[in-house]
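Right, one structure below, let's go through it.
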Amino acid sequence: MTKRKYQTRLGTSSPHDSAITHVSGQSEFIDDKPPIRGELHVALALSPYANAKIKKIDFKEALEQPGVVAVLTAKDLAANLWGPITKDQPLLAEDMVSYCGEPFAVVVAKSHREAYQARDLIKLEVNEKTPVLSIPESQKSGLFLGESCCIQNGDVEKQLKQSAHILEGTFSNKGQEHFYLEGQAAIVYPGEQGQLTVHSSSQHPTEVQHIVASAVGIAFNKVVSIVKRMGGGFGGKESQSSHIAALCALAATKTNSACRLILDKDDDMAMTGKRHPFLNDYKVGFSEDGKIEALKVNFFADGGAFVDLSPAILQRAMFHIDNAYYLPHSYIEGRICKTNTAPNTAFRGFGGPQGAAVIESILEDIAVVLKKDAYVIRRLNCYQGTDLTTPYGQAVENNVLPELFDRLGESSDYKRRRQAVKLHNLSDKFTLKGLSITACKFGISFTSKFLNQASAQVNIHTDGTLQVSTGATEMGQGVNTKIAGIVSEAFGLAMSSVILMPTSTEKNHNTSATAASSGSDLNGSAALKACNLLKARLAKLFIQKFETPTISAENEYDGEGEFPFAQVSFKDAVVSDGKNSMPFVELIQLAYMNRISLGEYAHFKTPKIWFDRETGKGRPFLYYTNGVACSEVSIDRFTGETKIIRTDILMDLGRRINEGIDYGQVSGAFVQSAGWVTTEDLYYSEKGALISHSPTTYKIPSIQDLPREFNIDFIENETNVLNVRKSKAVGEPPFLLGLSVWNAVKNALSYVKKDHTEVSLPLPATAEVILTKIDQLENS
């Protein structure tokens, strides 16, 4: 992978704060915590049935096994129903089992082996029913979760009648396993007066706190939820980690012992939800030159057995049907289908990739129909000029999409390579090549307004070092490193002077999940606000010490906006007004001796955002992160194997906080997306059991699946004044750029027939799918 040389930014491109401990094996994850005396192990009994009425749970034999302390069922819970939006999901199945892998009993034993051996002896007697396992089956049965929702602008039906060309079709995408390296895990320690301390691998410590308290019947203030780090999350630990923590807490409460619940990969994959599969019907009208004039889309998302986060995920898919392209007339409707599979959940992009995939596929087809280059069609349709309003009424501000398309078209040498692909496909009988440029315009903010808030506590010690606590959780993405960079830059200190503490609900309460790519935005803004309040206090003391003129209204400063003591600088561990100066540590010690507080708590809420669900209009996002990618693939005609020859990515991340972290996020998101669109396929039995539930049967990308040439670059853009340090979020947006690989495959297949026809292609385009499609095209 080629990269531009790092530029000096906030704290420079400092390495990830856990980089050394990760590679040396010293980083502590949940199961690395040493056991304490009397600690017990927990195993979950999982349903082998997808849809069944429970007649009896017989655990007598399991309870008699050596080392078994307890077997617990739904009757032992204070409250059984939970859910991040709607409380409809049982922690333990009681009357019905609704998917294969649903837990119905908890085994507590003195060892891990004893717990797992005993759980296999539990007998589940049921009346089995026919499961609903697909979106079409759900549609036919009329099984849905919630009501349909709609976004529309213009007059779609009228414009479709007037358009020169019409395309209709169905687009489908399958799910995706999160495949975090550290599985779902929790350890719960009972304390005095019924209190619990919960250590879990979770993106949402506050939700863990609340679900645990509800499950065992205690108040929120009796639960402390702590997250030091996760070994990956990708959205899979946003809501579903609460389920694991609650069952572990049940065991700890009933036995009054520390309990450890660590899911192995097989159980984890069988029990937890995935990225949502979608089945979408569309109709698009476009002009002779390829300009989209009207688009009608009906989204159907597979929510699984329970609601989880599906309504918000469907909404974001609908918000991103336009992706980077202007739709003057559109009608977008969505519905969540109920199936007997594990409740699907958040996954990097949160519905955005599923929405963007539809429009990118449509644009590829328009190009084939009109016998034009798809890059030309995309460049024509991207937001530009006065065409800057989304279907939901938000303006695309500080638009750089045309610049991104133009610059990448040049830097990737697209025109020459397009001709080379055409010539190759005319002459080569063994391989096909494809080339595609796709884009992303990803909205940044939680679409539920109340979640867009965060808090931070910044404490300065008398040796000049700082400890910072926020609601952000570190899952490998580098949020702690970014926040440390913001704080160190604010005080003009070295990064080594700042440490981010484990996230804990006793220090930062009522936190939002670290999700929606907003972890650094929200928590970094709160930390900066706390820093500014401390700096104002320290600057005032500095001014008083040297008796230099001050300004009025300093007591009214709230930590946001223009700093009121601009004449005082904090740089290179020195505080100065241009005439007088002193080391930062000496000013801190002076403040302590004068009984001035050296700690500050700050709360931040995202401004300007709103959305009216009734009208389907508003400003749900603070801003957009934009990017484009060009990918070239080679396909073996006889095996269907796809190789990514080259990928070029150009992104707008504003004023980057940590360029090294950003490179890692862009490359990681792209590769994870490339896996979703090409190799990662979930296989289920006719009974609804997940068959591909381990690394041996589920293929995530390996080193051989990376682009042979991988170029990543950024544009300079400091116009995003609404966000902390004019930066832009990076966690999820690059994931959408993996669609360039899928569209390159689609482009390659369009060359199978000499007349260069459009290709209906499902996602993922696995080797089996591609080989079948080549055979169909050659024999049609």
The rounded separation in angstrom of the Cα centers of the range 437-479 and the range 267-303 is 30 Å
Taking a straight Cα-to-Cα line shorter than 26 Å from Lys753, and setting aside same-chain lysines fewer than 8 residues away, one finds Lys283, Lys291, Lys371, Lys372, Lys415, Lys422, Lys429, Lys433, Lys643, Lys773
Cα extents of the chain along the principal axes, largest first, in whole Å, come to 85, 76, 50
Residues meeting the amide H criterion for Leu706 (H placed from the backbone, H to H distance under 5 Å, 5 or more places apart or on another chain) are none
A convex hull over the alpha carbons of the range 652-765 yields, per residue, a volume in Å³ of 183 Å³
Going through Lys55/Lys75; Lys53/Lys87; Lys53/Lys687; Lys228/Lys726 one by one, the pairs whose alpha carbons sit over 18 Å apart turn out to be Lys53/Lys87; Lys228/Lys726
Rounded to the nearest 10 Å², the accessible area of Met593 using a 1.4 Å probe with every protein chain kept is 150 Å²
Heads up, the range 203-359 by the C-alpha gyration tensor (a ≥ b ≥ c square roots of eigenvalues; a/c under 1.5 rounded, else a/b over b/c prolate, else oblate) looks prolate
Loop-resident trypsin sites (Lys or Arg not before Pro) in the range 709-780 with no more than 12 other Cβ atoms inside 10 Å, DSSP not H/G/I/E/B, are Lys753, Lys754
Calc'd 3J(HN,Hα), the range 572-577, phi into Karplus 6.51 cos²θ - 1.76 cosθ + 1.60 (θ = phi - 60°), Hz, glycine/Pro = x, comes to 6, 6, 10, 10, 8, 10
extent check for the range 12-132: Cα max minus min per principal axis, descending, whole Å, gives 61, 39, 26
Rounded to the nearest 10 Å², the 1.4 Å probe accessible area of Tyr49 is 60 Å²
One finds the C-alpha centres of the range 105-173 and the range 763-780 to be spaced, in Å, by 26 Å
Under 5 Å from the placed amide H of His165, counting only residues 5+ away or on other chains, we find Phe286
What one gets for the range 453-605 as the Kirkwood radius, inverse of mean 1/r over different Cα pairs in Å, is 15.7 Å
Binned at 5 Å from zero, the C-alpha pair distances of the range 146-198 give percents of 4, 9, 9, 9, 11, 9, 8, 8, 7, 6, 6, 5, 5, 3, 1
In order over the range 756-767: 3J(HN,Hα) from phi, Karplus 6.51/-1.76/1.60, θ = phi - 60°, whole Hz, x for each Gly or Pro, gives 6, 9, 5, 10, 7, 10, x, 10, x, 8, 6, 4
Candidate cut points under trypsin sites (Lys or Arg not before Pro) in the range 349-433, DSSP loop plus at most 16 other Cβ atoms within 10 Å of their own Cβ, are Lys371, Lys372, Lys429
Going residue by residue through the range 430-443, the Karplus relation 6.51 cos²θ - 1.76 cosθ + 1.60 with θ = phi - 60° gives ³J(HN,Hα) values, rounded to whole Hz and with x marking Gly or Pro, of 10, 9, 10, 10, x, 9, 8, 10, 10, 10, 9, 9, 9, x
For Phe405 the rounded accessible area (nearest 10 Å², probe 1.4 Å, non-protein molecules ignored) is 0 Å²
The percentage of Cα-Cα pairs in the range 304-455 separated by more than 24 Å is 46 percent
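The values are calculated or read from the model by the stated rules, or taken from the named source; none is laboratory data. The structure displayed is predicted, hence computed values, not measured ones. Note that each Cβ is placed from the backbone with ideal geometry, even for glycine, and that neighbours are counted across all protein chains shown. To get the accessible areas, we keep the full protein, side chains included, count just its heavy atoms, and leave off ligands, DNA and RNA. Shrake-Rupley method; radii C 1.70, N 1.55, O 1.52, S 1.80 Å.
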